[in-house]
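Below is one structure, written out as structure tokens, with a few remarks after it.
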Amino acid sequence: MATGRTKMKGFLKVRIVFLGLICLSLMLSQKVFAVPGISTGDLVKSSEVIIAGKVEKASCHWTKGTVVTRATVKVNEVLAGSIDKKDIIVEYEGGKVGDLELKLSDAVSLTKGEEIILFLKTGQSKLDGQVFVIEGAAQGKYTIKNGIASKNGFKCETNMDVVDSNMPVKELVAKIKTNQ
């Protein structure tokens, strides 16, 4: 009888350790990796164009072993640089195709209907042709709500004090124009 209890205790210990490992791996998979903060001035200097606009549509595609999201953004105002298009294509890695979802730390995401300010560079599409890519990943996108520009989707390990977030849009636009 003692042997049966000993086996049961051993089995329970193995189950507890196994469940603990599962919980630990789930917690680690949810970790947001920290990145260095990028100032508005540095984003302005490294961007080719900065726009204020609205996301018209976003669609995810499986290509070349990865998931890519392609968004159409209606340009309401060019804040720095120059482009003559009213609609631009912005592409970034990540998204969901069927049951397959790719999430990257410090990755940006664009959602239909969002009012945004984007810091952009031209780049080669993973699907076809030239597109815009967001400079500084998640730090290169501001979401506009009620006249306030805010950033999210990243955690800074250093230089958090240089990151402008949750500020009036007019202040952000003035800072962009000052740093051109």
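The values are calculated or read from the model by the stated rules, or taken from the named source; none is laboratory data. Quick caveat, the model's predicted, so the values are computed rather than measured. Neighbour counts are summed over all protein chains in view; Cβ atoms, including those assigned to glycine, are modelled from backbone coordinates with ideal geometry.
Summary table
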| read-out | value |
| --- | --- |
| Flag if Val90 is surrounded by 15 or more Cβ atoms within 10 Å (Cβ to Cβ) and within 15 Å of Val133 (Cβ to Cβ) | yes |
| Number of the condition not met by Gln124 [criteria: (1) within 24 Å of Gly41 (Cα to Cα); (2) out of contact with any helix residue (DSSP H, G or I) (no Cβ under 6 Å at 6 or more places or on another chain)] | (1) |
| Residue check, Ala137 at positive phi and touching a residue at least 12 places away in the same chain (Cβ under 8 Å) | yes |
| Test: residue in the stretch 18-30 that is assigned to a loop (DSSP other than H, G, I, E, B) and at pLDDT 60 or above | no |
| Whichever residue in the stretch 44-67 is closer than 17 Å to Gly94 by Cβ and in a loop (DSSP other than H, G, I, E, B) and, among such residues, is modelled with the highest pLDDT | Gly65 |
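A quick yes/no check of all residues on (1) farther than 14 Å from Cys60 by Cα; (2) acidic (Asp, Glu); (3) touching a helix residue (DSSP H, G or I) at 6+ places or on another chain (Cβ under 9 Å):
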residue: Val97; (1), (2), (3): no, no, no
residue: Gly129; (1), (2), (3): yes, no, no
residue: Gln139; (1), (2), (3): yes, no, yes
residue: Tyr142; (1), (2), (3): yes, no, yes
residue: Gly147; (1), (2), (3): yes, no, yes
residue: Ser150; (1), (2), (3): yes, no, no
